[in-house]
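The values are calculated or read from the model by the stated rules, or taken from the named source; none is laboratory data. It should be emphasised that the depicted structure is a prediction, and the values quoted were computed from it without experimental measurement. Methodologically, a virtual Cβ is constructed for each residue, glycine included, from the backbone with ideal geometry; neighbour enumeration extends over all protein chains shown. Heads up: the accessible areas ignore ligands, DNA and RNA and are worked out on the full protein's heavy atoms, side chains in. Shrake-Rupley method; radii C 1.70, N 1.55, O 1.52, S 1.80 Å.
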Amino acid sequence: MWDWLAQPTALFGGVYGLLVSSSAVAALTEFGEVTRAARMDDALWVLFTALASALAHGYAHQIAHRDAQKHPGVWDVARAVLAEWPLVLTALPTTLLLCGAGLGWWHSEGIEYVAFGVNTVLLLCWGLLASRATGRTWGRAVRIGCADALLGVAIALVSTLLK
């Protein structure tokens, strides 16, 4: 049922999308404004960052595999970019939380902490489900999921500190 999670493209894109959006919200905790309009801008920033990352990764994969193809074309590039859908999909919870704050559905102040927490839980779940899809025991899968979540938090924080 969860076998699609064990696919390298889904794993890579999903984890990378969560890291991109986690890094973005971690940066917002220090540099972000809390007005509703600013939160709408933040939501667009996270979404466009994920889209740009998907485009860059898809295009880079296409270039890296160009030698294996006889005549790569526009459709091959488009297919490579569309294969990066997990990256964009996993950035949507952060985008929706920020957008909801921008629309006044919930408080704008502190929403980045909620988004960061949601992303951390999603990293744990992604690691857990992907581990289970590859046949790991529940105990091992939980440990892997926790390690994935902690590593994701560390990467997002380091990324923010470097900016």
**OP:** Looking only at segment 83-104, decide whether some residue is at pLDDT below 85 and either in contact with a Leu (Cβ under 6 Å, 6 or more places away or on another chain) or within 18 Å of residue 152 (Cβ to Cβ) (or both).
**Re:** no
Original post:
Is there a residue in segment 101-108 that is open to solvent by less than 60 Å² (accessible area, probe 1.4 Å) and in a helix (DSSP H, G or I)?
Top reply: yes
Subject >> Close pairs (9 angstrom Cβ cut-off, 6 or more residues apart or separate chains): more than 16 Å from residue 9 (Cβ to Cβ) and modelled with pLDDT under 70 in segment 62-76, open to solvent by less than 80 Å² (accessible area, probe 1.4 Å) and not in a helix (DSSP H, G or I) anywhere >> reply: 66/72
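Do you know which of the residues in segment 1-47 that are acidic (Asp, Glu) and open to solvent by 30 Å² or more (accessible area, probe 1.4 Å) is modelled with the highest pLDDT? So that I can check it myself, show each step before the final result.
Step one: of segment 1-47, the residues acidic (Asp, Glu) are 3, 30, 33, 41-42.
If we keep only those that are open to solvent by 30 Å² or more (accessible area, probe 1.4 Å) too, we end up with 3, 30, 33, 41.
Details: 3: 64, 30: 66, 33: 74, 41: 91.
Step by step, filter segment 1-47, then rank; the result is 41.
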Original post:
Of all the residues that make up segment 109-131, how many are at positive phi and open to solvent by less than 10 Å² (accessible area, probe 1.4 Å)?
Top reply: 0
**OP:** Take segment 132-153 and flag every residue that is part of a helix (DSSP H, G or I), free of Cβ contacts under 8 Å to residues at least 40 places away in the same chain and surrounded by fewer than 19 Cβ atoms within 10 Å (Cβ to Cβ).
**Re:** 138, 139, 140, 142, 143, 144, 146, 147, 150, 151
**OP:** Restricting attention to segment 18-57, report how many residues are farther than 13 Å from residue 115 by Cα and in a helix (DSSP H, G or I).
**Re:** 20
